[in-house]
1. What are the residues in region 404-422 that are surrounded by fewer than 18 Cβ atoms within 10 Å (Cβ to Cβ), closer than 15 Å to Ser177 by Cα and at pLDDT below 85, if any?
2. Of the residues that sit in region 600-630 and are among the charged types (D, E, K, R) and touching a residue at least 40 places away in the same chain (Cβ under 8 Å), which one is surrounded by the most Cβ atoms within 10 Å (Cβ to Cβ)?
3. For Leu516, are the conditions met, namely being over 29 Å from Thr310 (Cα atoms) and open to solvent by less than 20 Å² (accessible area, probe 1.4 Å)?
4. Looking at Glu527, Glu508, Glu521, Glu492 in this structure, which one is among the acidic types (Asp, Glu), under 18 Å from Lys571 (Cβ atoms) and surrounded by fewer than 21 Cβ atoms within 10 Å (Cβ to Cβ)?
5. Considering only region 33-126, give the strands (runs of 3 or more DSSP E) lying wholly within it that have at least 2 residues that are more than 10 Å from the ligand (Cβ to nearest atom) and in contact with an Asp or Glu (Cβ under 9 Å, 6 or more places away or on another chain).
6. What pairs can you find where one residue is in region 139-157 and farther than 17 Å from Lys450 by Cα and among the small types (Gly, Ala, Ser), the other is open to solvent by less than 40 Å² (accessible area, probe 1.4 Å) and assigned to a strand (DSSP E or B), and their Cβ atoms are less than 7 Å apart, with a gap of 6+ or different chains?
7. Condition first: β-branched (Val, Ile, Thr) and under 17 Å from Phe588 (Cα atoms). Can you find one or more residues in region 524-540 that meet it?
8. Just checking, how many residues over region 369-393 are open to solvent by 50 Å² or more (accessible area, probe 1.4 Å), closer than 30 Å to His243 by Cβ and part of a loop (DSSP other than H, G, I, E, B)?
Amino acid sequence: KCMDEMLKKHKSSKKINSAMKLVYSEFQIECKHLTSALPMYARRNEIVSTVTENQVSIIIGETGSGKSTQVAQYLYQAGLADSGLIVCTQPRKIAATSLATRVAHELNTSVGNLVGYHVGMQMKTSHATKIIYMTDQMLLNLCLKDEKFSKYSCIIIDEAHERSIYTDLLLGMIKTSLTKRPELKVVITSATIEPEIFVNFFGTCPVLKIAGRMFPVDVIWPHENEGDEDYERAALKKTIYVHEKEQSGDILTFLTSPLEIEKCCNSFEKAFQDTNNFICLPLHGRLQPQEQQKVFEPSPVGKRKIVFATNSAETSITIPGIKYVIDTGVAKEMLYDPKKNINALNVTNITRSSAEQRKGRAGRTESGKCYRLYTENTYNNMETNTKPEILRIHLGQALLKLYELGVNPLQFDFVQKPSQHLIDTAMETLELVGAVSQNKITERGKWIAKLPIDPKFGAFVYEAIEEGVGIEGIVLSACCGTSSMFYRSGSESQKNEADKRKVRFCHEGGDFMTMLTVFREWHNQQEKSKSHWCSQNSINNKVLRGIRETVNEILNILKKEQGILMQFQLKPPKDVDEKLQEMLFKIFRQNICHYLGHDKAGYLVVQKDQIVQIFPASSLKTLGLQPDWIVIERVLKTSRDFATNITPVKDSWLQKALADNLLKFDLNAVQSQRVEQAVFCEVGEKLFSNFVGSRYSELRNVEKTM
Ligand code: ADP
């Protein structure tokens, strides 16, 4: 009925052509049974009238209510796209493309016509496009050129509760444009039941609450003897168990990184190599779109689909056929430690709302089961909601974006303002790399802001190009943040074998130079023999391919944004390696560490007064090197603080940096600390071995007397 009214309205305004009418009538038939059961459907008139009557509206739609797929359609059908596009933002690319495909399908067209998407370098739109799904990052980028959002009549910020950094910045920019665009409609949709933060930010605005719809999902907790295992092994074991024991239905298993996913896919396939009743697929943000798309296709007849995914599969997406979810309860998060001024990639416990979202993936299209690999007690102790990204990561990139928008970050209207200390440290880094000077973005800063990477690496690429080592600089930047290139798994003897194979790649210039060495050799292989070469050398082909893709992305951006055309040609190592190593020192000089003179003591992070150990997988460990000075890219927190991505520093570079005031610390004071620590460790070691020795003889005596 609603559709008929809509059609009549549009007919009389002659805004609709016959092709559109056809779309509507076909849609009427299909949509009825597909979407009329969704909770949003019963409230669609209310949604349309609320959005029409208010400039900003908030919709709290619990999971499965239909908020990601339906709201944009209702607004479109009500004519809100007559004077501009309806854009719906998502924090993740996979969600944006799969939602666009789904909504296009519901509207009986193919994606790229009435409904399109624009994410990263991929765009599928046409003149007919009225609804466009985008990443929040993309809309923010477009807003740089058009701060009034003039192409859009309506902006839907979906999954606002996730509080990605781009969502937060967008909300700030949108708030500023509201007075300049009184006719602009803004809808904030969120899955949490606490809209206060957004209401407070925008002032008074209506809040509609819509119940969710989920088919029943049984939660299965681990047995008492399970739960202490390494989560990756536990996930693989449980996936194998479900595949063997449970009835038909697809499986979705949550892991934390692309590397784990690849490993589990391989192990799973190996475990069932004699059967062909399954298809095993990875899902994470580093895959090519065609590879990602595969998980959304129905599984081949008679085969079970098994998807190993990162938390990119957690919200907003529906993988048809998933009946079993296996939840490890962990995810990898980039966390910035302001005291140490280092980004650290940590495996952290997920929040309770993430656990519920994960469970929800099993009840999207039918009832299901969720196997949790953590105890009920752990669940009860989980944090309720995720901390906003802007309060979690290095702010440099975000602040630089603001500068580029012409906004002074010190005066920006943040949804939740990061602590002044965090802002100050980020500003310090931006000044350090020359992106900002006297509270204004520099030409170099504008250049850096175009690159989708940490400004520190943006500056590295900038300098590398200036120094004539651009391609190597881009490869090194792309290596940062990837999983290890070296495979090291299986039995002890397999691990030893992998360790032996690694030695010849290890470069005295440290981990980045080692990664570059591997990349060079991999790159020199013919395309068809790359995979064989990788297995011969225990190298992860996917990681290398991922790096090559990031390099291509950066090269494309440089071409598009800066008009810089670069040939992908690597220079002979002997001509460039020392220069690159010195550049790495300069970029990480804030994290300079001094050897404390004893194996047990490790390294002192000079300007942070923190002690770190060399990570066992570092190439320095393989080569048995313990240089006096190193710079490190990040600290990995496990049982101890481990320094990873290490570059040894030459004395002459350090002296020069101190003389040029690029580094400011008291060399003598640091060196005397080294002597103290070394003595302390030696004495400690002696005391310890004496103690153990005497306890040992004591115990033996006791044993004898018994
Ligand atoms: P929300 O954002 O409120 O969690 P969505 O709008 O994404 O919900 O989807 C609502 C419902 O529509 C899902 O629970 C599912 O039943 C159905 N749905 C969405 N996308 C698909 C799809 N690709 N295939 C099958 N069903 C889907």
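1. Hit for region 404-422 is Gly406, nothing else.
2. Lys608
3. No: the conditions fail for Leu516.
4. Only one candidate passes the filter, namely Glu521.
5. Fully inside region 33-126 and qualifying: 85-90.
6. Ser153/Leu85; Ser153/Ile86; Ser153/Lys185
7. No - not one qualifying residue is present in region 524-540.
8. 1
The values are calculated or read from the model by the stated rules, or taken from the named source; none is laboratory data. Predicted, not measured: the structure shown is a model, and the values here were computed from it. Cβ coordinates were reconstructed from backbone atoms using ideal geometry, including for glycine residues, and neighbour counts include every protein chain displayed. Just the protein is used for accessible areas: all its heavy atoms, side chains included, with ligands, DNA and RNA removed. Shrake-Rupley method; radii C 1.70, N 1.55, O 1.52, S 1.80 Å.
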